[in-house]
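See structure below.
Just so you know, all these numbers are worked out from the coordinates, no wet-lab data involved. Small disclaimer: the values here were computed from a predicted structure and weren't measured. So basically every Cβ, Gly included, is an ideal-geometry build from the backbone, and we count neighbours across all protein chains shown.
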Amino acid sequence: MQAYQISQFGLDYLQPVQIADPKPGPGEVLLRVRAASLNYRDLMMVRGHYDPKLRMPRIPLSDGAGEVVAIGDGVTRVRLGDRVAGLFARNWQDGAPSAQKIRGAMGGDIDGMLAEYVVLPENGVIHFPAHLTYEEASTLPCAALTAWNALFTASSVKAGDTVVIQGTGGVSIFALQFAKLAGARVLGTSSSDEKLSRAKKLGLDEGLNYKQHPDWATWVKENTGGEGAEVIVEVGGSGTFSESIKAVRMGGTIAQIGVLSGIEDKLSLVPILMRQIHIVGIHVGSRAMFTAMNRAIEVHKLKPVIDKVFPFAETVAAYRYLETAQHIGKVAIRL
Ligand SMILES: NC(=O)c1ccc[n+]([C@@H]2O[C@H](COP(=O)([O-])OP(=O)(O)OC[C@H]3O[C@@H](n4cnc5c(N)ncnc54)[C@H](OP(=O)(O)O)[C@@H]3O)[C@@H](O)[C@H]2O)c1
């Protein structure tokens, strides 16, 4: 079969290879991968910015969906022909996270989805709603689940709440869609006015260009009667965290997800305690959260937002497209 591997860091070293077809053992399923989707993590992984000790050669990329084409002995969860997505962290089935549960993440600790076939334990796959294409389903395991966790586990967004999203990438656009399902109002920042108008067509209530207005917390306050937002979906990292502290309301939640602008920040701790802010670190989510998310996607017939689909042969171009940050929502690869 064909796969992509990296044998050293850098997009130039992400190369197609021919390797033996994998075979499922007891309790495992063989997936014919039909689509994969890119997360910023996948780019960091290949560049060597995510895990400098990554074992190589490695098949990268965490998120994919496909068809079950063979099953090993003892498999009861899926049948031949089932349409499933992989789990990002197969060991986190439910309950609170632990070091053991978040070990074994796809496209990092273990090989990922950039292959025509992958073998996964039956606990490592999940059915997805029938109205979704393989490309759409491939966007769920990391980006969608992270946004879901931020809004409904790390916080509990309700109708009438205000949620702030930062930028218009995969996690943020899912957060927009899920927050709208819950009846919340969504304020969003972006580097681009054009992206903001596209996000408004997806339900964004108000938008602000953070390049022109890096002090966007003032704008959030103005748009919330001076109170601040109930939830901030924080993907910016060190460049945005101080603003998030100012923009969140008293007793509100900052769901700390991303580090797009850097990983270290100097900040004053006083507002965190005086304003009783909840800061919750998010690491994707569990299978139980995925199941809950699928129910909501099914009921509302929600469609993930895919900016562009690349053929498998143009996988490197897909990574380069994500790198330029021209997209809104997700970038997918069709196999
Ligand atoms: N903790 C977790 O479990 C978890 C899970 C998924 C993702 N993440 C992290 O979350 C972040 C986003 O991931 P993603 O896959 O959604 O990325 P993505 O699809 O590549 O989106 C990136 C977008 O973020 C916006 N952006 C870039 N720098 C920004 C800044 N300084 N302030 C505000 N927005 C900025 C840009 O949108 P505009 O052009 O519209 O500004 C850019 O297009 C990454 O750091 C990723 O590693 C963490």
- Query: In what sequence, highest mean first, do 312-321, 163-172 appear when ranked by Cβ atoms within 10 angstrom?
  - Reply: 163-172, 312-321
- So for the pair THR324, SER238, with labels modelled 7 Å out along Cα→Cβ, what separation do we get in nm? 2.9 nm
- Query: About its Cα centre, what dipole magnitude does the chain give when the only charges are +1 on Lys and Arg Cβ and -1 on Asp and Glu Cβ, stated in debye to the nearest 20?
  - Reply: 300 debye
- Residue farthest toward the positive end of the dipole of region 1-150, with Cβ of Lys/Arg at +1 and Asp/Glu at -1: which of PRO141, SER7, ALA115? SER7
- Item | Degrees between helix 287-300 axis and first principal axis of the chain (Cα, 0 to 90, nearest 10) | 70 degrees
- Quick one: putting +1 on the C-beta of Lys and Arg, -1 on the C-beta of Asp and Glu, what dipole do you get for region 227-335 around its Cα centre, in Debye to the nearest 20? 360 debye
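Placing +1 at every Lys and Arg Cβ and -1 at every Asp and Glu Cβ, with all other atoms neutral, what dipole size does region 155-281 have around its Cα centre, in debye to the nearest 20?
220 debye
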- Message: Give me the extension gain from ALA313 to ARG32: residue separation times 0.36 nm, minus the current Cα-Cα distance, reported in nm with one decimal.
- Response: 99.5 nm
- Tensor-based shape of region 198-239 (alpha-carbon gyration tensor, a/c under 1.5 rounded, otherwise prolate or oblate): rounded
- What list of ³J(HN,Hα) values in whole Hz, one per residue of region 148-162 in order, does the Karplus curve 6.51 cos²θ - 1.76 cosθ + 1.60 (θ = phi - 60°) give from phi, with Gly and Pro shown as x? 4, 4, 4, 8, 10, 10, 5, 9, 9, 5, 10, 4, x, 5, 10
- Please give the contour-minus-distance gain from ASP193 to HIS49: 0.36 nm per residue of separation, less the Cα-Cα distance, rounded to one decimal in nm. 48.9 nm
- Can you tell me which of 249-262, 72-85 comes out highest on packing, and rank the rest after it, using the mean Cβ neighbours within 10 Å? 249-262, 72-85
- Message: Let me check against my output: what whole-number percent is the relative contact order of the chain, with C-alpha pairs under 8 Å and at least 6 apart?
- Response: 18 percent
- Using the structure shown, select from LYS101/LYS200; LYS53/LYS158; LYS158/LYS200; LYS23/LYS101; LYS158/LYS201 the pairs with a Cα to Cα distance greater than 30 angstrom. LYS101/LYS200; LYS53/LYS158
- ILE71's amide H: which non-local residues (gap 5+, or another chain) put their own amide H closer than 5 Å, with H modeled 1.01 Å from N in plane and none for Pro or chain starts? LEU30
- Task: List the relative contact order of region 156-251 as a percent without decimals, with contacts defined as Cα pairs under 8 Å and 6+ residues apart.
- Result: 28 percent
